[in-house]
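Everything below concerns the one structure shown next.
Where a number appears in this text, it was derived from the coordinates with a stated rule and is not lab data. Keep in mind the model is a prediction, meaning the values are calculated, not measured. Ideal geometry is used to build each Cβ from the backbone, glycine not excepted, and the neighbour counts take in all protein chains shown.
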Amino acid sequence: MSLFVSLFARQLLRDLQQAPGRARARRTDVGRAARCGTVAELRAAARREVPGAVFDFADGGAEDEVTLRANVDDLAALRIAPRMLAGSAEIDLSTTVLGRRLAVPLIGAPTGLTGMLHPRGELAIARALDRAGSFYTLSTLGSTSIEELAREVPGPSWFQLYLWRDRGIVRDLVQRAQASGYGALVVTVDVPRLGSRERDRRNSFGVPPRLTPRLLADSLRRPRWTARTLRDPRVTAASITTVRQGTAADPASLVNYINGQFDPAVSWADLAWARAEWPGPLLVKGILRADDARRAVDEGADGIIVSNHGGRQLDTAVSAIAALPAVVDEVGADAEVLMDGGIRRGTDVVKALAQGARACLVGRALLYGLAAGGDAGAERALTILVGELRLALALAGCDAVADVDRSLLDATTLRR
Ligand SMILES: Cc1cc2nc3c(=O)[nH]c(=O)nc-3n(C[C@H](O)[C@H](O)[C@H](O)COP(=O)(O)O)c2cc1C
C-alpha cells in the first residue's frame, strides 16, 4: 500500500510541476468559461475540472436523488403562456427584496465548503453577484470567514445560520455577522440531521477530503485543481475554525465537532431564540408547507425561503416549485417569499416569479461555474442565467419582472 501511495505521489508531483502558473491559470479559466453557453455546459466543464468525488459532493443529493431531479423536472413541466404583440425594447430585470433594490432577481444561495471546488470559493461567487447588482448568502460552513467576505466584497451580504446545539458558537456567529454589517440572517431549518448523501458514502468522501488511493488517482487526472488546492487550500469551515481554536490544526476534529452540532431536537423555540438574538431582517430557509410558513411568520420571520436544500436532505420531499404557491397564498401578504432548487435556466426563474417568488436563490449553477473557471466561471454562470431570463421575458411579452404573475403560466400545467 505504501508503495502504491508513493508511486502516486511521485506521479502527482511530476504533473504538478507541469501545472500552469497563476496568471496562465486565470487566462485558461476565462477561456474555459467563455466556451460554455449554458449552465449544463458549465456543469460538464466542472466535471472535467475537479476530482469526481469533489464534483459529486456539489452535484449530488440525498438517497435516490428523486427530489434533486424533481426540482429541475417540475420546473421544466410548467409551461409558459406567452403574451404576443406586447414587445418592448428594454426589459427591466430589477426587483426589491426586503426593501433592497436588486438589478436582477437572483441571489447567491449559501453553500458550505465552496472553496473545495476552487480556492476562490465564496469570494468569486459573491463578487460576480455584486457586479450583476445582487448579493450572496454566506453559509455557516463557508470556506471564507464572515469577516473576510465582508472585507472583500462591497455591499451587504446575508448570513446563513444553523441552529446548532452549542449556543455559545451560534451567538458568536450572529454577533460577528452583525458587527460585519450583514444585511439579513437566513436561518436554515431543514437540517436537524444531515441527509444521506450516498454519492459521498460511495466515494468515501469526507470533509476535508481524506487522501484515499481513489482521490489520489483522481487528483492526478485533475492537475490544475490539485495545484490550485495545494497552493491555496480552502477546504475547511473558516468562520468555525476561528472560534474553535485548535480545530484548524486538526481538521478531523472539526468534522466531528460539526457533525455533533446538528440538533435532532431543534424546535420553534430555537427559531424564537434566533429571532431575539438578531435585530435585523430574518428569513427562514427550508420551508415546504403553508402551515410551517405561517408559524415562521408568527415567530417574527420577515421572509420565507421555500427550499428542500437542493434535494440534499429528505429524499422524495416535494419539489421547491411545487411547494411554492401554497406558501405564497398563505403568507405572501405578510412576508416576502423566495425560493431555491433547480434553477438552471432563465425560464426557470420566470416560472418561480410567476408562482409568486420575489427572487430565486441559485446554488449549483454558480458552483458549476466556479468549479469550471473560478471568478470567470462564476461570472459566466450569472451572465448565462441573466441573458436567458431577459430573452425569456421578452419572448413571453413581459417588459419587467414586475409584470410576471400566475397568468403567464399555462393553467393545464399548473393542475398536474
Ligand atoms: C454543495 C452544497 C452545499 C450546500 N450547503 C448549504 C449550507 O451550508 N447551508 C444551507 O442553508 N444550504 C446549503 N445548500 C443548499 C443551498 O443553499 C440551496 O438550497 C440549493 O443548492 C438550491 O438548489 P440548486 O442547487 O438546485 O440551486 C447547499 C447546497 C449545495 C449544492
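Averaging 1/r over each pair of different alpha-carbon atoms in the range 21-139 and inverting the result gives 17.5 Å, the Kirkwood hydrodynamic radius.
With a simple spin-label model that places each label point 7 Å from the Cα along the Cα-to-Cβ direction, the separation between residue 268 and residue 406 comes to 2.6 nm. Distances between placed amide hydrogens fall under 5 Å for residue 285 paired with 187, 188, 189, 305, all partners being 5 or more residues away or on another chain.
Computed from the alpha carbon atoms alone, the convex hull of the range 270-416 holds 139 Å³ per residue.
When Rg and the Kirkwood radius Rh are both evaluated on Cα atoms of the chain, their ratio Rg/Rh stands at 0.96. Per-peptide packing, taken as the mean over residues of other Cβ atoms within 10 Å, places 281-290, 229-238 in the sequence 281-290, 229-238 from highest down.
Maximal additional length on extending the residue 24-residue 201 stretch stands at 60.2 nm, based on 0.36 nm per residue less the C-alpha distance. For residue 409, the amide hydrogen comes within under 5 Å of the amide hydrogens of 81, counting only partners 5 or more places away or on other chains and with H modelled in the peptide plane. Estimated from helices alone, the mean residue ellipticity of the chain at 222 nm is -14500 deg cm²/dmol (sum of -39500 (n - 2.57) over DSSP H runs with n ≥ 4, per residue).
Helix 364-395 against the longest principal axis of the chain: what's the angle in degrees, Cα atoms only, rounded to the nearest 10? Helix 364-395 sits roughly 20 degrees off the main axis of the chain. Applying 1/(1 + (r/R0)^6) with R0 = 41 Å to the Cβ-Cβ distance of residue 91 and residue 333 gives a FRET efficiency near 0.90. Annotation: peptides 323-330, 389-396, 268-275, ranked by per-residue average of other Cβ atoms within 10 Å with the highest first, follow the order 323-330, 389-396, 268-275. Roughly speaking, what is the centre-to-centre gap between the range 252-291 and the range 95-151 when only Cα atoms are used, to the nearest Å? Comparing the Cα centres of the range 252-291 and the range 95-151, I get a distance of 20 Å.
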